[in-house]
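**Q** Here you go, one structure.
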Amino acid sequence: MSPGPRRGDADIRFTLRQLRCFVAVAEEGGVTAAAERLALSPSSVSAAVAQLEQALGLDLLIRHHARGVTPTRAGERVLAEARDLLMRAGALGDLAGELAAFPSGPLAIGCLVTLAPVVLPGLLASFLTRFPAVEPQFHEADQSALLELLARGRIDLALTYDLGLDDRVDFAPLRSLPPHVLFGEDHPLAGRKRVALGELAGHGYVLLDLPLSREYFAGLFAEAGVEPRIVARSPHFELVRSLVANGFGYTLANIRPGSGTAGDGRRLVAVELDGAARALALGLAMPRARPRSQAVRAFVEHAAELAAGGRLPGATEPRTL
């Protein structure tokens, strides 16, 4: 055979498949029996052994005419090392399987600012109880910024609404959240069970002023033929809630915080909207073209399980706060 790379060369290359074929041939004493053991063709096994010899620059087997093969002295030493290497490779494969079954590593989660304080902490805490090896990082942003973070690969997924999504994004819905009205407890409409958008026309409106969110709410009013009387606006959901609780006006919302009070302790009342107003789907947005890690898949499955069981924070059935 022609000489190949010698011991000490920096670029010695061989494969586990070649080692596996060599070990089988040496142990079975021939190519045909080795091929049966490996469920390969004899020509494939013979070629793999020849490639290994070429890569190592060693004659590993003595070919006896009609009497099979035996390892050379070099082949005996390589055989022992090959068996050990294959055993360790198998152990590594077992470890990889175990790690795949238990998601680990970084997970970059984006979250819409209005959802972050209500949904994310409880969802993340329950997820980490199940998968403690995951290392989460989270980013709060408005909807436009979240979609930009997804497009740039800065986050793996986003907990958000189905607003402004395009065909570059896959969306896994968790819960449909219809809009409702929030009043301070002293508002004249706070004692109602349901209220129509038309009945709000003469009352002050505190606008949650976030990209895509404000367009959604404006669309609700437009469909009802109502021009809202905006008296205050803020991109901060908790400030909007506090303004409402202090009598500045009403607001519209989809998410339902567990507490019926604003940040300053004043009480809020949630009233259902009368009429078919478009609900928002709360869910997880992910880049369509990017492979999903085990941690991403586990997070999606965990959130879906909570939602199906009615245990997703902030996504409760309609009720008065």
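The values are calculated or read from the model by the stated rules, or taken from the named source; none is laboratory data. What you see is a predicted model, and the numbers here were worked out from it, not measured in a lab. Note that we place each Cβ from the backbone using ideal geometry, even for glycine, and neighbour counts take in every protein chain shown.
**Q** Can you name the condition, by its number, that residue 115 falls short on among (1) in a strand (DSSP E or B); (2) hydrophobic (A, V, I, L, M, F, W, C); (3) in contact (Cβ under 8 Å) with a residue 40 or more places away in the chain?
**A** The single condition residue 115 does not satisfy is (1).
**Q** Give segment 121-135 a look and list any residue that's in contact with a Pro (Cβ under 9 Å, 6 or more places away or on another chain), in a helix (DSSP H, G or I) and free of Cβ contacts under 8 Å to residues at least 40 places away in the same chain, or say none.
**A** Across segment 121-135, the qualifying residues are 124, 128.
**Q** Of everything in segment 35-84, what is hydroxyl-bearing (Ser, Thr, Tyr), within 12 Å of residue 21 (Cα to Cα) and either touching a strand residue (DSSP E or B) at 6+ places or on another chain (Cβ under 8 Å) or not in a helix (DSSP H, G or I) (or both)? Give them in sequence order.
**A** Hit for segment 35-84 is 41, nothing else.
**Q** Considering segment 268-282 alone, what residues qualify as being under 32 Å from the mean Cα position of the chain (by Cα) and in a loop (DSSP other than H, G, I, E, B)?
**A** 277, 278, 279
**Q** Please go through segment 214-247 and give me each residue that is in contact with a strand residue (DSSP E or B) (Cβ under 8 Å, 6 or more places away or on another chain) and either of a type in the set (Ser, Thr, Tyr) or in a helix (DSSP H, G or I) (or both), ordered by number.
**A** 214, 216, 217, 220, 224, 234, 237, 240, 241, 243, 244, 245
**Q** How many residues, within segment 219-247, are within 36 Å of the chain's Cα centre (by Cα) and among the basic types (Lys, Arg)?
**A** Residues that pass the stated criteria total 2.
**Q** Testing residue 118 on (1) modelled with pLDDT under 90; (2) more than 17 Å from the chain's Cα centre (by Cα); (3) surrounded by 12 or more Cβ atoms within 10 Å (Cβ to Cβ), one condition comes back false. Which one is that?
**A** Failing condition for residue 118: (1).
**Q** Does residue 85 satisfy being touching a Leu at 6+ places or on another chain (Cβ under 7 Å), touching a residue at least 12 places away in the same chain (Cβ under 8 Å) and hydrophobic (A, V, I, L, M, F, W, C)?
**A** For residue 85, the condition - touching a Leu at 6+ places or on another chain (Cβ under 7 Å), touching a residue at least 12 places away in the same chain (Cβ under 8 Å) and hydrophobic (A, V, I, L, M, F, W, C) - is met.
**Q** How many residues does segment 103-112 contain that are surrounded by fewer than 20 Cβ atoms within 10 Å (Cβ to Cβ) and assigned to a loop (DSSP other than H, G, I, E, B)?
**A** Count: 1.
**Q** Within segment 225-271, count every residue that is in contact with a Gly (Cβ under 8 Å, 6 or more places away or on another chain), among the small types (Gly, Ala, Ser) and surrounded by fewer than 17 Cβ atoms within 10 Å (Cβ to Cβ).
**A** Of the residues in that region, 4 qualify.
**Q** Please go through (1) surrounded by 18 or more Cβ atoms within 10 Å (Cβ to Cβ); (2) under 30 Å from residue 190 (Cβ atoms); (3) out of contact with any Gly (no Cβ under 8 Å at 6 or more places or on another chain) for residue 313 and return the number of the only condition it doesn't satisfy.
**A** So the condition that residue 313 fails would be (3).
**Q** Kindly establish whether residue 291 is touching a helix residue (DSSP H, G or I) at 6+ places or on another chain (Cβ under 8 Å) and either modelled with pLDDT under 95 or in the same structural domain as residue 129 (by TED's automatic domain parsing) (or both).
**A** Judged against the criteria, residue 291 is not a match.
**Q** Run down 185, 135 and say which single residue is of a type outside the set (Val, Ile, Thr), surrounded by fewer than 16 Cβ atoms within 10 Å (Cβ to Cβ), more than 14 Å from residue 303 (Cα to Cα) and not assigned by TED's automatic domain parsing to the domain that holds residue 254.
**A** Only one candidate passes the filter, namely 135.
**Q** Name the residues in segment 145-182 that are hydroxyl-bearing (Ser, Thr, Tyr) and at pLDDT below 95, would you?
**A** 176 - this is the single residue of segment 145-182 that is hydroxyl-bearing (Ser, Thr, Tyr) and at pLDDT below 95.
**Q** So residue 300 ticks every box in (1) assigned by TED's automatic domain parsing to the domain that holds residue 125; (2) surrounded by fewer than 16 Cβ atoms within 10 Å (Cβ to Cβ); (3) of a type outside the set (Ser, Thr, Tyr) but one. Which box is left unticked?
**A** Condition (2) is where residue 300 drops out.
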